[in-house]
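All remarks here apply to the structure that follows.
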Amino acid sequence: MSPVSFDLASVLDDYQGEELTIATACSHTSLQIFNGAKREGLKTIGLAVGQEPRHYDAFPLAKPDEFLVADTWPEIADMADELVERNAIIVPHGSFVEYMGAQNYAQMPVPMFGNRHVLDWESNRNKERTWLQEAGLRVPPVLDDPRDIVRPVIVKYHGAKGGSGFFIATSYPEFLQKIDENVGDSEYHIQEFTLGTRYYMHYFYSPLSAEGYQVNDGNLQMLSVDRRDETTIDEAHRLGSIRELEHMGVRPSFVVTGNVPMVLRESLLPKVMQMGADVVDYAYENFGGLWGPFCLETVITDDLEFTVFEISARIVAGTNPFITSSPYADYVDPGMSTGVRVAREIKRAQKDKELDKILS
Amino acid sequence: MSPVSFDLASVLDDYQGEELTIATACSHTSLQIFNGAKREGLKTIGLAVGQEPRHYDAFPLAKPDEFLVADTWPEIADMADELVERNAIIVPHGSFVEYMGAQNYAQMPVPMFGNRHVLDWESNRNKERTWLQEAGLRVPPVLDDPRDIVRPVIVKYHGAKGGSGFFIATSYPEFLQKIDENVGDSEYHIQEFTLGTRYYMHYFYSPLSAEGYQVNDGNLQMLSVDRRDETTIDEAHRLGSIRELEHMGVRPSFVVTGNVPMVLRESLLPKVMQMGADVVDYAYENFGGLWGPFCLETVITDDLEFTVFEISARIVAGTNPFITSSPYADYVDPGMSTGVRVAREIKRAQKDKELDKILS
Amino acid sequence: MSPVSFDLASVLDDYQGEELTIATACSHTSLQIFNGAKREGLKTIGLAVGQEPRHYDAFPLAKPDEFLVADTWPEIADMADELVERNAIIVPHGSFVEYMGAQNYAQMPVPMFGNRHVLDWESNRNKERTWLQEAGLRVPPVLDDPRDIVRPVIVKYHGAKGGSGFFIATSYPEFLQKIDENVGDSEYHIQEFTLGTRYYMHYFYSPLSAEGYQVNDGNLQMLSVDRRDETTIDEAHRLGSIRELEHMGVRPSFVVTGNVPMVLRESLLPKVMQMGADVVDYAYENFGGLWGPFCLETVITDDLEFTVFEISARIVAGTNPFITSSPYADYVDPGMSTGVRVAREIKRAQKDKELDKILS
């Protein structure tokens, strides 16, 4: 992807000393992001398509001050000037990137919170795997050839949204029976199914201060933990086992519908912090860094080891249960959500004239 | 059911300017209702049978100021005068209605928070279905004849308490094998089993102000989301699949034992608010309205659509996890429980001399 | 186990009027214990082996003021003098007892919060069973002879850490196939598998005041409820039923990896408080009492009865989701964690010169 070509430094010069505005797409974690910004006294803009969303009226403390509405998501990119005029900083989330398209996102000439180069690493399964593996984390084995399937695997289509096409297979014949005929060899990804309990850890890395759990010249926090809730797989057992369901002509899907708050066995926390530090270190060594909120998506196996199946390099929806209370953030700053944490980082950077360290 | 025949208007005249008391049956959501009333400075009465319940001593901020104890639940109706003397308003919950009996409940000459006529619609499966369907919500298909079973269905007995007799069948022979022989044709209800993740959304509709998410002349809020936890179905998979359990002679039950806090995928919220608005609209058009707390009990299928399998027209136990923190209520008024929301509605109505708009 | 032989009374005399310090092992519930002590203004010491743990830097409000580091856990016992010098009180948790070894724990000459004699009863499956049963609680039937297996059972090895070796069997042949050949007849325990939803209730008993829910001369609280999350059993259904997994060569394990917050059906609370009272009463009648935090680990069957499969006589990790908000503690004292509750108990005892009533 070609890098963004606007003059960030000059834009940030103009932002210095001005009232800042937090902008994001009206979905995913936007209630939390707007609420965090408002609690910290920043202005807020909701980006939407079609028409102004009405449902924010039901959540007044999370309703943006203003909406900017385009006809389609890619056209949001044309609003760059309007955003910069309002001293806007975009706080990206998964849906923002997906709706805009990676290319439009990467090139949008508005300051973004976080390192936008990380997208290259995170959206490409091979590079993501390299990142996690070279950072020393355990990743699920992948199979290049479906004929090698001898243990349960999960087959993921590239670009599949939300897991609806994913399937489990335990043999090559089962793979053949389930694979979408219209999909080419390079359009899927076969991963060994790692059996265990899933934990999604929500980190925040700040390059602004080394006080706390120091990593590089900054500090790392772990603010909350959730488990994703996926339809239909997470309640399929109410009707029967996967094999029984298949006999009824039903194949479970992996579409995320919500999140459940969790806490981790405390003895795993040293490992959790180390894993977070390792992916941050790798990012600084290889592509300019990783800061702000990020998430490791893991399975804990019965030897109490983490297998990491994905990294999300920005705020994840799993932080949404934790708006005024999180069993981890409450050891850092009681009542602080990830949305508040983001707003505080931006305010501090502006105050210390270091906006260039956290925006890209 | 014959409507209540007492002179509500004259009772409410007497209540105006007096110290109000919140009364409810000592079960279900009573801790939350009493706590909400106490936090808002209202007096509280616990209705009980047999003897004063002791367990409130362990929860001092949720212990009612006074208990009224009868020998049996229907005899609570005889305490109407004592309740009215104390300027009592009953905040009904599911167990209150069940314990008292629908007829006694409907005719009790004490002001009730909410529209007591809604019970006719909610307690009759056909009328409930009409309500949801005509409001535009997707409901699970029902089968009139068990010989039509070709896909998994759930069979529910009428009046079954808490789901203990419910069962799943996938064919007519299986239905015959499982149906209770002593049950007549009109005493069960066959619903297609909708596979997906369950979400129970807790709404609050106020006719007192249109500020916020306006519906009719009032406003609608969504304060929290939970999932019901049902024994034995929700942990049956620890022992085996449903079919494997049947081979062991065990049939899973659907008895509610608790609740788990959840959050929903944010992109579903516009739909959630619209569904709430639609059932309120229908209620005002057809039977005088629906206000106060209510709940839609849904399954999200893998096309990200809601199937609504039930509506509860009053406070549900799923609000119990959210006493001083809810990821949704905290965007409305941090720390507000549904119990607090109820108490505030009553206080506001009294202050504005509109008690008649929220009591029946 | 031989009892501790130090002169507790004289140590406590020295503690009276001094600044107290809370000490515990750096694992399990230590973040919560340290945070609770700090919120209450007490000093804190973290006990660790090898080196100072780094991860507390990420949780500043739960980081102990000081670490004492030994080479091995049993050597922590040698630090008794240093601990007493600092007016330390040990708040034990499950990992502390396990790491130190029961004998070292029982004999460590430092004041412990709670009754250290309870360990004899809790760590011996037969005595634990006697305790629960004679207190009137329903316990799962045990089988003396594996040849008697006709219904599903769970087989637990003695001293197995965290449930990794546990297995389910439904017949004697299946038992023979699964039992570890190297394990003697007296080294396992066969319990009927009780099907139902699991609830872990977290109590606190204080002998210092009878105000509240009185039991003996003290009062009993119930501060929160969780469900343990166990790998791989709790997500095994994503891959298939237990029997299907066995065909793939996979046997589910029962290793605790975290905790999920829950609430209980309110109508069960009278029974919950009664069960707590009954185990406390039995403890006072038979071995000097049970005070401080404890937990009943239960299954609710479809007749809405509790089967109690274990008691933990000290703080459990299931309290970890509840640091600044619990739907039950918030009815007692909003924002109070079990860690805070412990610290307050110690402060009150010191103020009232009753440290001897809560330390052993």
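The values are calculated or read from the model by the stated rules, or taken from the named source; none is laboratory data. Keep in mind it's a predicted model, so treat the numbers as computed, not measured. Positions of Cβ are generated from backbone atoms using ideal geometry, with glycine treated the same way; all protein chains shown enter the neighbour counts. Ligands, DNA and RNA are excluded from the accessible area calculation, which covers all protein heavy atoms including side chains. Shrake-Rupley method; radii C 1.70, N 1.55, O 1.52, S 1.80 Å.
Can you give the relative contact order of region A:277-360 as a percent, counting alpha carbon pairs under 8 Å and 6+ residues apart?
Details: 83 pairs, mean separation 15.4, N = 84.
For region A:277-360, the relative contact order is 18 percent.
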| How big is the Rg/Rh ratio for region B:216-262, C-alpha atoms only, Rh by Kirkwood, two decimals? | 1.30
| note | Checked region B:178-224 with the C-alpha gyration tensor, a ≥ b ≥ c its square-rooted eigenvalues, rounded below a/c of 1.5, otherwise prolate if a/b is larger than b/c and oblate if not; verdict prolate
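Compute the projected area of the convex hull of the Cα atoms of region A:274-360, averaged over all viewing directions, and report it in nm² to one decimal place. Please report the intermediate quantities before stating the final value.
Values: hull surface 28.4 nm².
Result: a mean projected hull area of 7.1 nm².
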| query | What does the convex hull of the Cα atoms of region C:2-61 come to per residue, in Å³, rounded to a whole number? | reply | 125 Å³
| Give me the log10 of I(q) over I(0) for region A:48-202 at q = 0.19, 0.21 Å⁻¹, as the Debye formula computes it from C-alpha points; what are the numbers? | -1.20, -1.35
| request: Counting only C-alpha contacts under 8 Å and six or more residues apart, can you give the relative contact order of region A:25-94 as a whole percent? | output: 34 percent
| remark: Sorted by accessible surface (1.4 Å probe, heavy atoms of the protein chains only), largest first, C:234, B:14 come out as B:14, C:234
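Give me the one-decimal Kirkwood hydrodynamic radius in Å for region B:10-135, with the sum taken over alpha-carbon pairs. Let's see the in-between values first.
On the way: mean 1/r = 0.0653 Å⁻¹.
15.3 Å is the Kirkwood radius here.
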| query | Can you list, shortest first and in nm, the gaps between the label point of residue C:148 and those of its counterparts in the other copies, using a point 7 Å from Cα in the C-beta direction? | reply | 5.1, 5.1
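Given Cα pairs under 8 Å that are at least 6 residues apart, what percent is the relative contact order of region B:84-243? Intermediate results must be reported in sequence, preceding the final value.
Numbers: 167 pairs, mean separation 22.2, N = 160.
Relative contact order comes out at 14 percent.
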| task | Place a +1 charge on the Cβ of each Lys and Arg in chain B and a -1 charge on the Cβ of each Asp and Glu, then give the dipole magnitude about the Cα centre in debye, rounded to the nearest 20. | result | 800 debye
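Order the following by accessible area, largest value first: A:226, A:185. Probe radius 1.4 Å; ligands, DNA and RNA are ignored. Display every interim value, and only then the final one.
On the way: A:226 0, A:185 130 Å².
The ranking, largest first, comes out as A:185, A:226.
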| remark: Here D for region C:202-310, in µm²/s, from Stokes-Einstein with a Kirkwood Rh over Cα pairs at 10 °C and 1.306 mPa s, works out to 98 µm²/s
| query | Got a number for the accessible area of residue A:91? Probe 1.4 Å, square angstrom, nearest 10. | reply | 0 Å²
| task | Rank these residues by their accessible area, most exposed first, probe 1.4 Å: A:130, A:232. | result | A:130, A:232
| query | If the label for residue C:85 sits 7 angstrom from Cα along the Cα-to-Cβ line, what are its distances to the same label in every other copy, in nm to one decimal, shortest first? | reply | 7.0, 7.0
| message | What does the net charge come to around residue B:336 if you take all other residues with beta carbon closer than 11 Å to its beta carbon, with K and R at +1 and D and E at -1? | response | 0
| query | How crowded by other chains is C:29-36, given as the mean number of beta carbons from other chains within 10 Å of each beta carbon? | reply | 2
| query | Just the accessible area for residue C:228, please: 1.4 Å probe, Å², rounded to the nearest 10? | reply | 50 Å²
| query | If you bin the C-alpha pair distances of region C:104-167 every 10 Å from 0, what whole percents do you get? | reply | 16, 36, 34, 11, 3
| task | Give the interface area between chains B and A as buried accessible surface, both sides summed, probe 1.4 Å, in Å² to the nearest 100. | result | 3900 Å²
| request: Please report the base-10 log of the normalised intensity I(q)/I(0) for region C:148-258, using a Debye sum with one equal scatterer per alpha carbon and no solvent, at each q in 0.11, 0.12, 0.14, 0.16 (1/Å). | output: -0.51, -0.58, -0.71, -0.83
| query | If you place +1 on the Cβ of every Lys and Arg, -1 on the Cβ of every Asp and Glu, and leave all else neutral, what size is the dipole of the protein assembly as shown about its Cα centre, to the nearest 20 Debye? | reply | 120 debye
| said: When only alpha-carbon atoms are used, what values of Rg and Dmax, in angstrom, describe chain C? | reply: 20.9, 65
| message | Let me cross-check residue A:56: its accessible surface, 1.4 Å probe, with only protein heavy atoms counted, in Å² to the nearest 10? | response | 0 Å²
| Projected onto the charge dipole of chain A (+1 at Lys/Arg Cβ, -1 at Asp/Glu Cβ, origin at the Cα centre), which of A:289, A:158, A:205 gives the Cα projection farthest towards the positive end? | A:205
| query | What is the total of Lys pairs in chain C with C-alpha atoms under 13 Å apart, excluding same-chain pairs fewer than 8 positions apart? | reply | 6
| field | Volume per residue of the C-alpha convex hull in the protein assembly as shown, rounded to whole Å³ | value | 181 Å³
| What are the label-to-label distances in nm, one decimal and shortest first, from residue B:186 to the same spot in the other copies, with labels 7 Å along Cα to Cβ? | 6.8, 6.8
| query | If you take all C-alpha pairs in region A:29-81, what percent of them are over 18 Å apart? | reply | 32 percent
| query | Taking +1 at the Cβ of each Lys and Arg and -1 at the Cβ of each Asp and Glu, which of A:15, A:239, A:249 sits farthest along the dipole of chain A towards its positive end, judged by Cα position relative to the Cα centre? | reply | A:239
